[in-house]
Structure formats: structure tokens, C-alpha cells
Amino acid sequence: MNETLRTIAKRYSCRNYDGRLPEKEKIEALAMAAVQAPSGLNRQPWQIVVITNKHFIEEMDAEGMRILSEMEDKTVYQRFMSRGGTLYYNAPCMFLILKQPGTELDTGIVSENIALSAASLGLGSVICGMAAIPLNGPKGSIFKQKVGLLEGWEFGMSVLVGYAKSTGTPHEPDISKIRYVE
């Protein structure tokens, strides 16, 4: 098995970070991997905002948890409470992928590039849509201003990155999901 396939096989969704910020070189390598993603018609309809301000990440986390706690259906809130009570798992770095409307597929490719590259560098990562909660909540305009979200752009996805506090296990692939047409 080659190195790329080994990286794909070992990658898991990290939900427990030790809080240490990865080295600048690693963060820059992940940002470069993000913008090297392919896109439809090579439009590259994204902006990558790398957030390493721990206080800002915690502020968004607290607002997101507050919003979840006020929702009538407590299922999602309870799930995060059972995992430590945070949306972002003490991650010290968030790659916020902003997109142009209608470019979800491209956003997915960017997020996977970041996640696989993080695994290849010995970092934990989790692709996380939960940054949408504070960005679209009551304080959303404040958060959008802080990340420089411009008119015509919207939240696409986020990827949390950092050093894992404990080792995780990749999910078990369901090979029944594969069909061959010959």
C-alpha cells in the first residue's frame, strides 16, 4: 500500500485536542493543500480563513453551545455535552472555508485535502459544519466581520486541526456500500 492510501486508512475524526497549536510550517502546508484542491472549471470558489486565535475559537464555541442549549430538540446539544461540552473539542486551529453559493462539492474537496494533509503531518483533524451555528446566530454579524466574510460569500465548512490528546480509531469501512458494474 502506498503512503497516500495509508494516510487515508489511518485518518480519523479527532474530537479531543491537547490545545497545542501546530507549528507555523504545518499550518502553512495545510493552507497550501487547501488551495491546491481541484474545482469545477478551475473556478476555485473559496477563501480559506485560518483561525489560530484560541480566544476567538472559544468565543464561537461558547456561542454555538448556547444556541444549541436553547433549541427545542436537545439531541444535538446532549451529544456535544456527552463529548465534553464543546463544539470544537479544544482545537487550537480552525480552517474556515468560505464559499460562493452553489459550490458545495468544491468545499468538500478542500476540506478533505486539509484533513488528509493533517493526518499525513501527524495532526488530528475533524471536518466540522458546526461553525455555521455561531456564524448564523444572533452574534453572527460580529463573527463574520472578525473573519472578513465579504458580501457574496458564505460559510462552506470548517476543519478543526491540532495535536490529538489521545489516539483515535478510524471508522470501520462498510464494504457493502461498494458495487461494481462490469
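May I ask you to derive the FRET efficiency for residue 172 and residue 24 from their Cβ-Cβ distance with R0 = 35 Å, giving the value to the nearest 0.05?
Once rounded, the FRET efficiency stands at 0.50.
When Lys and Arg each count +1 and Asp and Glu each count -1, what net charge do the other residues less than 13 Å away from residue 3, Cβ to Cβ, add up to?
On the way: positive: 6, 10, 11; negative: none.
With Lys, Arg at +1 and Asp, Glu at -1, the net is +3.
Let me check I've understood the local charge: for residue 142, count other residues with C-beta under 12 angstrom from its C-beta, Lys and Arg +1, Asp and Glu -1. What total comes out?
Within the 12 Å Cβ shell, the charges total +1.
Once Rh is set to the Kirkwood radius over Cα pairs, what Stokes-Einstein translational diffusion coefficient, in µm²/s, holds for the stretch 30-95 at a temperature of 20 °C and a viscosity of 1.002 mPa s?
In µm²/s, the coefficient rounds to 153.
Starting from the amide H of residue 93, placed 1.01 Å from N in the peptide plane, find each other amide H under 5 Å away whose residue is 5 or more places distant or on another chain.
Amide H to amide H, under 5 Å and 5 or more residues apart or across chains, residue 93 pairs with 161.
Ignoring everything except DSSP H segments at least 4 long, calculate the 222 nm mean residue ellipticity for the chain; use -39,500 (n - 2.57) per segment, divide by total residues, nearest 500.
-12000 deg cm²/dmol
Going down the table (74/144; 26/144; 26/177), which pairs top 32 Å between alpha carbons?
Correct reply: 26/177.
In which sequence would 14, 128 go, from the one with the fewest C-beta neighbours within 10 Å to the one with the most?
128, 14
Taking the beta-carbon count within 10 Å as an exposure proxy, list 46, 153 from fewest neighbours to most.
By the 10 Å Cβ count, ascending: 153, 46.
Please give the length that would be gained between residue 8 and residue 72 if that part of the chain were fully extended, namely 0.36 nm times their separation in residues minus their C-alpha to C-alpha distance (nm, one decimal).
Residue separation times 0.36 nm, minus the Cα-Cα distance, leaves 19.3 nm.
Which percent, to the nearest 5, of DSSP beta bridges fully inside the chain are antiparallel?
About 95 percent, rounded to the nearest 5.
For residue 100 and residue 55, what does the FRET efficiency come to when R0 = 41 Å and r is the distance between their Cβ atoms, rounded to the nearest 0.05?
About 0.90, to the nearest 0.05.
What is the percent of Cα-Cα separations in the stretch 120-165 that go past 17 Å? Mind showing how you got there, number by number?
Values: 447 of 1035 pairs.
Summing the P(r) of the stretch 120-165 above 17 Å gives 43 percent of all pairs.
None of the figures in this text is laboratory data; all of them are computed from the coordinates on show. Nothing here was measured: the structure is a model prediction, and the numbers come from that model. Note that we place each Cβ from the backbone using ideal geometry, even for glycine, and neighbour counts take in every protein chain shown.
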